[in-house]
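As structure tokens, the structure follows; a few thoughts come after it.
The values are calculated or read from the model by the stated rules, or taken from the named source; none is laboratory data. No experiment lies behind these values; they were computed from the predicted model shown. Note that each Cβ is placed from the backbone with ideal geometry, even for glycine, and that neighbours are counted across all protein chains shown. All accessible areas refer to the heavy atoms of the entire protein, side chains included, with ligands and DNA or RNA removed. Shrake-Rupley method; radii C 1.70, N 1.55, O 1.52, S 1.80 Å.
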Amino acid sequence: MRRLPRRFFARDTREVARALLGCTLVHRQPAGSLRARIVETEAYHGPDDQASHARRGPTRRAAIMFGPPGVAYVYLIYGMHHCLNVVTGEEGFPSAVLIRGVELAGDRIDGPGRLTKALGITREAHNGATLIGASAEILIEGPGRIEPGEKIVTGPRVGVDYAGAWARKPWRYRLLKR
């Protein structure tokens, strides 16, 4: 596996969300690297997406989504759970992929707050951090591997019912056993 370059992330967020499945999320730490296989993602695409933080423009919270691809967007939800997103697309067009689930040491960790806790990823330490380059603390390696007996399933996004029809877009991607 190799570190994914900026051009991988500089594509349509829905393509990136699907392509991230099976890739390895790496958090390099002094005690050693944690490596987790990405098994669930969600795409948030553009300023019109009513489920996206970018729907209100480049606010203090969402400004990172308008920046260059290949950067971590980590935010806090419910005042206690960190969520890791990867900025995608062209700079200036706000889009990101939420990492919703991983496999870590043989265990499946579902939920963006659970996975950031397991991997030690926080808003304070990682929001705005590059995922590109030799010094990146968090990076993603690919290409993604789909194991025999797995399939990609799409469906509506989770926890964004307030977004109406935008919540029902099939922009959630999961790896499931057949």
* chymotrypsin sites (Phe, Trp or Tyr not before Pro) within region 56-104: which are DSSP loop residues with at most 13 other Cβ atoms inside 10 Å? -> Y78
* To do: Using amide H atoms built 1.01 Å from N in the peptide plane, name the residues 5+ places from E150, or on other chains, whose amide H lies under 5 Å from its own.
  => R178
* Would you pull out the residues with amide H under 5 Å of Y73's amide H, same chain only if 5 or more places away, H placed 1.01 Å from N? => N85, V86, V87, G128
* When the accessible area of the chain is split by element with a 1.4 Å probe, what percent falls to carbon and sulfur? -> 51
* **Length released on extending from D107 to R11, taking residue separation times 0.36 nm less the Cα-Cα span** => 31.5 nm
* Structure fact -> The alpha-carbon center of region 134-159 and that of region 76-127 are separated, in whole Å, by 12
* **Rounded, prolate or oblate (a/c below 1.5 giving rounded, otherwise prolate when a/b exceeds b/c) for region 128-178 by Cα gyration tensor** => oblate
* Structure fact -> Rounded to the nearest 5, the percent of DSSP beta bridges in the chain running antiparallel is 100
* Structure fact -> Which residues qualify? For S95, with a placed amide H closer than 5 Å and at least 5 residues away or on another chain, they are G46, T88
* Asked: How would you classify region 60-106 from its alpha-carbon gyration tensor, with a ≥ b ≥ c the square roots of the eigenvalues: rounded for a/c under 1.5, else prolate if a/b is greater than b/c, otherwise oblate?
  -> oblate
* Taking 0.36 nm per intervening residue step and subtracting the Cα-Cα distance, what contour gain separates V153 from R56 on full extension? -> 31.9 nm
* **Karplus 3J(HN,Hα) series, Hz, for region 127-139 with 6.51 cos²θ - 1.76 cosθ + 1.60 (x for Gly, Pro)** => 5, x, 6, 6, 9, 10, x, 5, 8, 4, 6, 10, 8
* For region 81-123, average projected area of the Cα convex hull in nm² -> 3.4
* Cα point-scatterer Debye curve for region 26-117, base-10 log of I(q)/I(0) at q = 0.16, 0.20 Å⁻¹ -> -0.67, -0.96
* What is the Cα coordinate range of the chain on the first, second and third principal axes, sorted by size from largest, in whole angstrom? -> 39, 38, 32
* Apply 1/(1 + (r/R0)^6) to the Cβ-Cβ distance of R168 and S135, taking R0 = 45 Å, and write down the FRET efficiency to the nearest 0.05. => 0.65
* Asked: Can you give the accessible area per residue of the chain, in Å², using a 1.4 Å probe?
  -> 48
